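J.: Quick one: this structure, given as structure tokens, is what I'll be asking you about.
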Amino acid sequence: VLLRPASASRQQDAPGAADGLALASDPGGTLNFLAMVENLQGDSGRGYYLEMLIGTPPQALNILVDTGSSNFAVAGVPDPDVTSYFNPELSSTYRSQGIEVTVKYSQGSWTGVLGTDVITMPKGLDGSYTINIATILESENFFLPGVKWHGILGLAYDALAKPSSSVETFFDSLVRQARIPNIFSLQMCGAGLPVSGSGTNGGSLVLGGIEPSLYTGDIWYTPIKEEWYYQVEILKLEVGGQNLELDCREYNADKAIVDSGTTLLRLPEKVFSAVVQAIARTSLIQEFSSGFWTGSQLACWDRAEKPWSLFPKLSIYLRDENSSRSFRISILPQLYMQPILVIGDNLQCYRFGISSSTNALVIGATVMEGFYVIFDRAQRRVGFAVSPCAEADGSPVSEIEGPFTTADVASNCVSSVSFHEPVLWIASYALMSLCGIILLVLIVLLLIPPRCQHRYTDNDVVNDESSLVRHRWK
């Protein structure tokens, strides 16, 4: 195995009835899910995107599908890294709201202005719909060289919408105007293929339901713990069939989410370290550079070799809708050992499709490419089924198995308190702070003459809730 600098790679983090027909909420209405099959293009390195027509007359743009944010935004001015942009002045149906909005992601940010316009989807729902649109006027590290999309479609809940949750999200607008069921599903077909490649790997975004041809076997559902991101509950991880034996709250620190706009499987630092150690211990490679695990180096093999046999499979256990049961989704190394660069005629170089995170476990494209994922907002659950396009060299690279008992894990693995410090320390700090405040107040009362004392009213009270504020950026 040879190791090469990974500078050539740029990671983008940013998230039915038979025959494809199902009844919509509108009595007698139908949704043709087959028309939505293969309506996506892209890859895990640069994201999957949907063609959309915006404005009157229509302007065609490619829009990144992101289940980890909630704003619909398009490039509104020329950009060196964008081949097309939306010009509001050329649309007779555009209406500016005059509200500035800024959205920050784990990588990149943009600032724009909110407005509304009509959209249609050549391979989506029939008809046109009036949608909130942010036109991006400034951005930093958001549009990257070589990307083939020109905007982002945030499909998470309105709690994440900027500048406030009062901005109706794209999908909420479709549910209201088209009267479709409050559910969508996503298949991304880039398993085992080079990332950041031709951008034609394909995939499907099914709005309003589930298309049977996009999965095999059963759909396994896990509850949505909180409606902001698609937050789920992870119970444990296994590498090569061996449990990592971590407290289950470590996997959910401080949240675990399903995010098509994030490239990799991202793990909390303690979990990431345990996974790397387990993979290194289980793999057939005796010594491996730390630069590969951290993403600074690529690992290269002769093109005739397939390194996947050297590495173990990775399993993630999710709580079932029946809380006493769980199921596991597993990815083979063909999904997390990702081909990214060819050197000369003989060398194929790979990157590690897993990285560390300071604030979340993120089930990103690395994992999602193995499955057909159903975002059932109506029943507050996320479903996983094996995707028939998740194959490499004719063999499946993903698995779903269950049910398993949850007797060996806590009844609740999602803690409202950050698990980075023991609860006793937190309680001690709180008690010490309270005692200090009481002592300070007593000293002040003793020093102030009675005539200067002031009777406090409700308006004088300051509530410091900064320690409870959730950081809601990706």
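The values are calculated or read from the model by the stated rules, or taken from the named source; none is laboratory data. Keep in mind that what you see is a predicted model, and the values were worked out from it rather than measured. Backbone-built Cβ (ideal geometry, glycine too); neighbour counts: all protein chains shown. Surface accessibility is based on the protein's heavy atoms, side chains included, excluding ligands, DNA and RNA. Shrake-Rupley method; radii C 1.70, N 1.55, O 1.52, S 1.80 Å.
J.: Can you give me the Rg/Rh ratio for the range 45-94, using Cα atoms for both radii and the Kirkwood formula for Rh?
T.: For the range 45-94, the value is 0.97.
J.: Oh, and also: What are the residues whose amide H is under 5 Å from the amide H of GLY203, where those residues sit 5 or more places off or on another chain and H is modelled from the backbone?
T.: GLU38, ASN39, LEU40, CYS189
J.: Still on this structure, I have one more. Return the Rg/Rh value of the range 166-246, two decimal places, where both radii are evaluated on C-alpha atoms and Rh is the Kirkwood radius.
T.: Taking Rg over the Kirkwood Rh, I get 1.04.
J.: Which pairs break 25 Å Cα to Cα here: LYS225/LYS270; LYS123/LYS148; LYS104/LYS255; LYS123/LYS225; LYS148/LYS236?
T.: Numbers: LYS225/LYS270 22 Å; LYS123/LYS148 18 Å; LYS104/LYS255 18 Å; LYS123/LYS225 32 Å; LYS148/LYS236 37 Å.
Distance filter (> 25 Å) returns LYS123/LYS225; LYS148/LYS236.
J.: Let me cross-check VAL276: its accessible surface, 1.4 Å probe, with only protein heavy atoms counted, in Å² to the nearest 10?
T.: 20 Å²
J.: Quick one: with all protein chains in place, what share of the accessible area of the range 183-418 is carbon or sulfur, to the nearest percent (1.4 Å probe)?
T.: 45 percent
J.: Accessible area of GLU168, 1.4 Å probe, to the nearest 10 Å²?
T.: Roughly 60 Å² of GLU168 is accessible to a 1.4 Å probe.
J.: Still on this structure, I have one more. Can you pull the semi-axes for the range 305-421, root of five times each eigenvalue of the Cα gyration tensor, sorted largest first, whole Å? Working shown, then result.
T.: Numbers: eigenvalues 187, 66, 37 Å².
Semi-axes from the Cα gyration tensor: 31, 18, 14 Å.
J.: Here is a follow-up. For SER357, list long-range residues whose amide hydrogen, built 1.01 Å from N in the peptide plane, is under 5 Å from its own amide hydrogen.
T.: Under 5 Å from the amide H of SER357: LEU267, GLU269.
J.: With Kirkwood's inverse mean 1/r over C-alpha pairs for Rh, give me the Rg to Rh ratio of the range 35-180, two decimals please.
T.: Rounded to two decimals, Rg over Rh is 0.92.
J.: Could you tell me the center-to-center distance, by alpha carbons, between the range 241-276 and the range 95-168 in angstrom?
T.: Taking the Cα centre of each part, the range 241-276 and the range 95-168 sit 29 Å apart.
J.: Continuing with this model, one more query. Carbon and sulfur together cover what percent of the accessible area of the range 35-180 at a 1.4 Å probe radius?
T.: Carbon with sulfur: 47 percent of the solvent-accessible area.
J.: Could I ask something else about it? Lys and Arg at +1, Asp and Glu at -1: add these up for the other residues within a Cβ distance under 9 Å of ALA191 and post the number.
T.: Charge balance in the 9 Å sphere: -2.
J.: Given the protein chains as shown and a 1.4 Å probe, how many square angstrom of PHE288 are accessible, to the nearest 10?
T.: Number for this one is 40 Å².
J.: Whole-Hz Karplus ³J(HN,Hα) for the range 117-122, in order, using 6.51 cos²θ - 1.76 cosθ + 1.60 and θ = phi - 60°, x for Gly and Pro?
T.: 6, 8, 10, 9, 10, x
J.: Still on this structure, please answer the following. From the phi of every residue in the range 260-265, what ³J(HN,Hα) in whole Hz does the Karplus formula 6.51 cos²θ - 1.76 cosθ + 1.60 yield, where θ is phi - 60° and glycine or proline is x?
T.: 5, x, 9, 5, 9, 7
J.: If you take the alpha carbon radius of gyration of the range 183-418 and divide it by 2.2 N^0.38 Å, what ratio comes out, to two decimals?
T.: The value comes to 0.98.
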